[in-house]
Amino acid sequence: MSRSDEAKALGLRMGEPYFKVKPLLIQHSVTALSSNYALYGDLSRRVMLVLNQFAPEVEVYSIDESFLNLQGLRYLGFSADQLAHEVRAAVRDQVGIPVCVGVAPTKTLAKLANRLARHQTTGIVVLDSQASRTAALEATPIADVWGIGRRLAPRLLEEGVTTAAQLAALPESWVRRQLGGVVGVRLWRELRGEACLTWHPTDDDTMGPTRHSVTYTRSFGQAQRTQVVVAEAIATFTARAAEKLRRHELSAHLLTVLLGTDRFAAHAGPATRTTVEHLAFATQDTSDLLRAARRGLTQLYRPGAAYVRAGILLSGLEPQGQPQLDLFGAADPARLARQQQLMATLDSLNRKFGRETVRYAATSPAAAVWAGRSAFRTPAYTTNWDDLWQVRAS
C-alpha cells in the first residue's frame with residue numbers, strides 16, 4: 001500500500017495539518033514524525049553514490065529519484081531484470097533502505113514502471129516487451145502519467161481519456177492539438193517507447209544535474225509578526241542559499257523573496273506572496289544577495305500579518321566566472337576578485353569549524369526565535385556525532 005493509499009484508508013488528505021488529524025492518528029496508533037532534512041539528504045547522497053556504480057550516466061531527478069542510462073550495458077550481457085535486482089540489493093546492503101526500481105526504454109515509461117513497482121512484493125517492474133508496456137499503460141490512470149499533472153488531467157478526462165494506454169493510442173495530430181504542441185507530442189512518443197527526453201548526467205562534484213534555481217524555504221516554529229524577526233529569518237535563508245550557490249559554482253541574476261501566512265486561516269488575499277529582485281550582475285556574494293533580499297522584504301512585509309513561513313529563491317543562474325555583463329554598466333574586476341576571496345574564506349572557515357562559526361550580523365543563530373519546531377524529529381544518525389547510535393552492554 002502506498003502512502004496515499006494508507007492516507008485514504010484512514011480518511012486523511014495528503015498535506016492535512018497535524019492539529020486537524022491528531023485525534024484520528026492517536027486513535028489508530030499512528031506514529032507522527034517531523035521532517036529530518038539532514039538525514040534525508042545524507043541518505044539520498046549515499047543512494048546516489050551506489051547508483052553510480054551501475055551506470056555511466058546517472059541523472060539525479062530529485063532527493064529520492066534518479067534515472068540510470070543503461071543503453072551501453074546491453075553489450076555486457078546483463079539482463080534488465082538481473083540488473084534491477086542487483087541495484088536494489090546493493091542499496092539495501094550498503095545504505096540499509098528499500099528502493100523501487102522501474103526499467104523501461106524511456107524516462108516517462110521508467111517513471112510509470114517505478115510507480116507500479118511500489119505495489120509489487122519484489123519492488124521491481126521491467127517493461128522489456130510490447131506486451132508488458134501495454135499492460136502497464138492500461139494499469140496507469142491518466143492523472144498518474146509524468147507530465148500530465150492536475151492541469152491537463154481534467155481536460156483529458158473530459159475527452160474520455162482515462163488511462164495512459166488510451167493516450168498512447170490517440171493520433172499524433174490530436175495530441176499536438178490538445179496537449180500543447182511539441183511538449184505533448186514528446187510525452188506521447190515517450191509513452192509509445194520512443195526516447196525523446198535528453199539526459200543530464202550527474203556532476204561528480206555537485207551530485208546533481210545542472211541547476212536552474214537554488215531554493216531555501218522554512219516554516220516558522222510559531223507565527224511571526226515582528227519585521228525584525230522576519231528580516232533575520234530572510235537574511236539567514238539568503239545566506240544559506242548563497243552557500244549552496246557557491247557550492248555548485250553558480251551565480252544568480254534574480255532573487256525571489258517569499259512570505260507566507262497560514263493558508264487555513266481566514267484572510268483576504270493569497271496566503272503566499274512573492275517579489276522578484278533583479279541584480280545588475282550575476283553574483284554569489286552573500287552581501288549583494290542580502291541587500292537584494294532586504295529590498296524585497298520591504299516591499300512584501302505587511303504590518304500585523306502573522307507569517308508562518310518564508311523563503312528565498314535564486315534563479316537566472318550562470319556558471320561562476322562567466323558573467324553576462326550589463327549593457328550600461330561595467331563590473332569592477334578588482335571588487336569581484338575581493339568578493340570571491342572573501343566568500344571562499346568564509347566558506348572555508350565554516351567547513352572547518354562548523355556552520356555559523358563566521359556569519360553575517362543580519363542573520364540569526366541556529367536557536368533563533370523563528371526556528372521551526374521538530375518535536376517528533378528522528379536523530380540525524382549519519383551526520384551528527386551526538387545522534388549516533390550507541391551500543392551498550394547489557
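The values are calculated or read from the model by the stated rules, or taken from the named source; none is laboratory data. In this text the structure is predicted, and so the values were computed from the model without any measurement. Cβ placement follows ideal geometry from the backbone for every residue including glycine, while neighbour counts extend to all protein chains displayed. Calculation scope for accessible area: heavy atoms of the full protein, side chains included, ligands and nucleic acids excluded. Shrake-Rupley method; radii C 1.70, N 1.55, O 1.52, S 1.80 Å.
Yes/no matrix, rows are residues, columns are (1) in contact with a helix residue (DSSP H, G or I) (Cβ under 7 Å, 6 or more places away or on another chain); (2) on the phi > 0 side of the Ramachandran plot; (3) part of a strand (DSSP E or B):
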position: Arg218; (1), (2), (3): yes, no, yes
position: Ala223; (1), (2), (3): no, no, yes
position: Val229; (1), (2), (3): no, no, no
position: Glu232; (1), (2), (3): no, no, no
position: Ala235; (1), (2), (3): yes, no, no
position: Ala239; (1), (2), (3): yes, no, no
position: Ala242; (1), (2), (3): yes, no, no
position: Arg246; (1), (2), (3): yes, no, no
position: Ala252; (1), (2), (3): yes, no, yes
Can you confirm whether Pro303 is out of contact with any helix residue (DSSP H, G or I) (no Cβ under 7 Å at 6 or more places or on another chain), exposed (fewer than 14 other Cβ atoms within 10 Å of the Cβ) and modelled with pLDDT of 90 or more?
yes
Unmet criterion (only one of (1) open to solvent by less than 30 Å² (accessible area, probe 1.4 Å); (2) within 29 Å of Asp347 (Cβ to Cβ)) for Ala231
(1)
Mind checking which residues of the stretch 241-252 are open to solvent by less than 40 Å² (accessible area, probe 1.4 Å) and more than 15 Å from Arg294 (Cα to Cα)?
Leu245, Arg246, His248, Leu250, Ser251, Ala252
Residue within the stretch 164-176 that is closer than 17 Å to Lys111 by Cβ and under 27 Å from the mean Cα position of the chain (by Cα) present:
yes
So for the stretch 313-334 (the condition being at pLDDT 75 or above, over 25 Å from the mean Cα position of the chain (by Cα) and in a helix (DSSP H, G or I)), does at least one residue qualify?
yes
Considering the stretch 31-67, residues that are at pLDDT 90 or above and part of a strand (DSSP E or B), and then whichever is surrounded by the fewest Cβ atoms within 10 Å (Cβ to Cβ), we arrive at Glu65
Among (1) touching a helix residue (DSSP H, G or I) at 6+ places or on another chain (Cβ under 8 Å); (2) free of Cβ contacts under 8 Å to residues at least 60 places away in the same chain; (3) basic (Lys, Arg), there is one condition Arg133 misses while meeting the rest; what is its number?
(2)
So for the stretch 69-89 (the condition being touching a Lys or Arg at 6+ places or on another chain (Cβ under 8 Å) and at pLDDT below 95), does at least one residue qualify?
no
Going through Arg273, Arg309 one at a time, which residue ends up being in contact with a strand residue (DSSP E or B) (Cβ under 8 Å, 6 or more places away or on another chain), open to solvent by 30 Å² or more (accessible area, probe 1.4 Å) and under 29 Å from Asp347 (Cβ atoms)?
Arg309
Where residues in the stretch 190-213 are polar (S, T, N, Q) and assigned to a loop (DSSP other than H, G, I, E, B), which of them is modelled with the lowest pLDDT?
Thr206
Taking the stretch 121-160 and keeping residues among the small types (Gly, Ala, Ser), more than 26 Å from Val87 (Cα to Cα) and open to solvent by less than 20 Å² (accessible area, probe 1.4 Å) leaves Ala153
Here are the criteria: (1) free of Cβ contacts under 8 Å to residues at least 40 places away in the same chain; (2) under 18 Å from Val60 (Cα atoms). Tell me which single one Gly147 does not satisfy.
(1)
Filter the stretch 76-110 down to the residues that are under 23 Å from the mean Cα position of the chain (by Cα), touching a residue at least 24 places away in the same chain (Cβ under 8 Å) and farther than 23 Å from Gly147 by Cβ, then identify the one that is most open to solvent (accessible area, probe 1.4 Å).
Pro98
Selection from the stretch 269-292 of residues free of Cβ contacts under 8 Å to residues at least 40 places away in the same chain and in contact with a Ser or Thr (Cβ under 6 Å, 6 or more places away or on another chain) yields Ala271, Thr274, Val276
Every residue in the stretch 31-68 that is among the β-branched types (Val, Ile, Thr) and under 24 Å from Gly147 (Cα atoms), please.
Val58, Val60, Ile63
Can you tell which of Arg218, Arg240 is more than 30 Å from Leu116 (Cα to Cα), in contact with a Phe, Trp or Tyr (Cβ under 9 Å, 6 or more places away or on another chain) and modelled with pLDDT under 90?
Arg218
Has the stretch 293-310 got at least one residue that is free of Cβ contacts under 8 Å to residues at least 40 places away in the same chain and among the β-branched types (Val, Ile, Thr)?
yes
Taking the stretch 93-108, which residues are hydrophobic (A, V, I, L, M, F, W, C) and under 14 Å from Leu70 (Cα atoms)?
Val101, Val103, Ala104
